[in-house]
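Chemist: A single structure is presented below for examination.
Read-outs throughout are calculated quantities, based only on the coordinates presented, and are distinct from any laboratory measurement. Remember, predicted model here, so these are calculated numbers, not experimental data. Here the Cβ is made from the backbone with ideal geometry for all residues, glycine too, and neighbour counts use every protein chain on show.
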Amino acid sequence: MLLQLRDIQKRFGGVTALKGGNLSVEAGQVHLLMGENGAGKSTLMKITAGMIQPDAGEVVWRGQRVDLARPSDASAIGIAMVHQESLLAPHLSVAENIFLGREPRTRFGLVDRVRIAASARRLIEDHHFPLQADWRVDKLSPAGKQLVEICRAIQHGSSLLIFDEPTSSLSEAETKEVFRIVRTLKDRQTGVIYITHRLDELRSLGDTVTILRDGETVHTGALADLPKEQLIRHMVGREINSIYRRDPVPPGAELLRVEGLTRPPVLDNISLTLRAGEIVGLGGLIGAGRTELCRALFGMDPLTSGTIRVGGATLHARTPRDAVAAGIALIPEDRQRAGLARALPVSHNMTIAHLEAVSRWGGILDLDAEQRLTQSYTDKLRIKSNSPGQLAGRLSGGNQQKVVISKWLVRGARVFLFDEPTRGIDVGAKVEVFETMDQLARNGAAILMVSSELPELLQVADRILVMRSGRISGELPGRTTQEDIMHLATPEAAQ
């Protein structure tokens, strides 16, 4: 047995993050760790990695109790964590990052760069990683950066690797590469703890699953013995129909009309309409131009030609400010960097797009009004936070997404562009996001929803547009099939 976590407990102020975290990992085992956002997964793993210390409980490593006061303590005994957000030095090379902080020295005390490069090349070749030792890290894809993190862990002699949502922002090809690496680590008797929300990844990787709910381990067992419906029930503590189905409403007035939208080489003659009460899905492969279309509609990227009309009025969206003024809202794919001010409280994030609603006397912020408005939308969207003053960056992923949505509700937006709205959030939070989108539509909004998860498009959308190579390649009814979507999304369909 490599690691045992026994009755781990942790509080942050008045909030209990963990009240009974238990988990065991053996050498050569891939142990899946699951639970809703806020269930305590990240806290438990940060304790394992020495990033924070527990208030109670035991961490046992190879049969001996250990106190991990800092990350270097965990690293010294063979525990490493591959974070969802890269912690590398972007201006350094792959080799320099692999040995960062542990650089070998020459007999004169200088950094031995020749040895660093040679050792990095051997490590990369030994594990068949698609990397070069001299590549700069800031030029790598998200998957490439994660490979460098893995190389660091292997070079340091780690016998347990913790993966925190490693595929949440990766393409299908990059995801398959991460899977291959995890299986290789398993074959070499490295223990792996793998945090994921993506139910489709489970059977491809894991041996054993541990599920946390409300800071407590509620199930541990063989994955093969756990049906999907029971797994979901353990996670959320209630029955959830894993096939969410939206009952559409009759569409109302046309709120958005796009004609001939062109921005070479990413957008080519895009035309579409959105009506009040509609959720229109936008499918396609990565690189098809879906995110670029959302950016163009929101005024983030200039257009070569084409017209955009909102509620019948022509929109000349040179900046996002123009789009916001016309009633368009963007919930971006990367909510952490583009949707939230993570260092500001929830209250400021909710009102930042419409400060007039909580200001008086020519622009003085009315904190009482802001608190009341924040509490109102916190209740409406069932946002879990300690208070309106809690920093947005400290919320779970699902609750962060709800804060981004509430920002535009405060503003009174009519056209919502949801770019991968459920990326990185758990199954329970996904359903809540879908329910929020449904309520927006029923209240008269029009929604364009980008998703790479084909089942989501089929569950939520009234109709589905498919993009391929910067063009709309076809339109399908909401009750279509994944095969029909892929037929329009793949280049072979054009032949």
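Chemist: Can you tell which of LEU123, SER451, GLN189 lies farthest toward the positive end of the dipole of the chain, using +1 and -1 charges on the Cβ of basic and acidic side chains (Lys, Arg; Asp, Glu)?
Modeler: Going by the charge dipole, the pick is LEU123.
Chemist: Next question. If the chain between THR490 and GLN64 were fully stretched, how many nm would it gain, using 0.36 nm times the residue separation less the Cα-Cα distance?
Modeler: Taking THR490 through GLN64 to full extension adds about 148.0 nm, to one decimal.
Chemist: Within the chain, which whole H helices from DSSP have a Cα span along their axis of at least 18 Å and a mean Kyte-Doolittle hydropathy of 0.0 or more, if any?
Modeler: 142-155, 427-442
Chemist: Kindly provide the Kirkwood hydrodynamic radius of the stretch 10-130 in Å, to one decimal, from all pairs of distinct alpha carbon atoms.
Modeler: It works out to 17.3 Å.
Chemist: Computed from the coordinates I sent, volume of the Cα convex hull per residue in Å³ equals one of [x] 160; [y] 250; [z] 177. Tell me the label.
Modeler: Here the calculated entry is [z].
Chemist: Another question, then. Mind giving me the nanometre distance, one decimal, between the label points for HIS128 and MET1, set 7 Å out from Cα along Cα→Cβ?
Modeler: 3.5
Chemist: Now for a different question. Any idea what the dipole of the chain comes to, in debye rounded to 20, about its Cα centre with Lys/Arg Cβ at +1 and Asp/Glu Cβ at -1?
Modeler: 860
Chemist: While we're looking at this one, here's another question. Let's test the formula: R0 of 30 Å, r as the Cβ-Cβ distance of ALA56 and ALA76. What FRET efficiency results, to the nearest 0.05?
Modeler: 0.80
Chemist: Taking 7 Å along the Cα-to-C-beta vector as the label spot, tell me the ASP322-GLU26 distance in nanometres, rounded to one decimal.
Modeler: 6.3
Chemist: Where does each of 56-68, 278-290, 432-444 land if you order them by average Cβ count within 10 Å, highest first?
Modeler: Packing order, densest peptide first, comes out as 278-290, 432-444, 56-68.
Chemist: Could you work out how far apart the two model spin labels at ILE364 and ARG105 are, taking each label as a point 7 Å from the Cα in the direction of the beta carbon, and quote it in nm?
Modeler: According to this spin-label approximation, the distance is 6.1 nm.
Chemist: What are the semi-axes of the equivalent ellipsoid for the stretch 3-236, taken as the square roots of 5 times the Cα gyration tensor eigenvalues, largest first, in whole Å?
Modeler: Working through the eigenvalues yields semi-axes of 31, 21, 15 Å.
Chemist: Mind running the shape call on the stretch 363-495? Use the C-alpha gyration tensor, a ≥ b ≥ c as the square roots of the eigenvalues: rounded below 1.5 for a/c, prolate if a/b tops b/c, oblate otherwise.
Modeler: Prolate, because a/c is 1.5 or more and a/b exceeds b/c.
Chemist: Using packing as a proxy for protection, rank 474-487, 326-339, 373-386, 453-466 so that the peptide with the highest average count of other Cβ atoms within 10 Å comes first.
Modeler: So the peptides 474-487, 326-339, 373-386, 453-466, ranked by packing, come out 453-466, 326-339, 373-386, 474-487.
Chemist: Sticking with this structure for a sec: What Rg and what Dmax come out for the stretch 254-494 when only alpha-carbon atoms are used, in angstroms?
Modeler: Cα radius of gyration and Dmax of the stretch 254-494 are 17.9, 61 Å respectively.
Chemist: So, R0 is 30 Å and r is the distance between the beta-carbons of ALA343 and GLU453; what FRET efficiency does that work out to, to 0.05?
Modeler: FRET efficiency, ALA343 to GLU453: 0.50.
Chemist: When the chain is fully extended, how far beyond the present Cα-Cα distance does ARG479 get from ASP225, taking 0.36 nm per residue of separation?
Modeler: Separation in residues times 0.36 nm, less the Cα-Cα distance, equals 88.2 nm.
Chemist: Given the pairs LYS46/LYS176; LYS46/LYS145; LYS19/LYS228, which are separated by over 22 angstrom at their Cα positions?
Modeler: LYS46/LYS176; LYS19/LYS228
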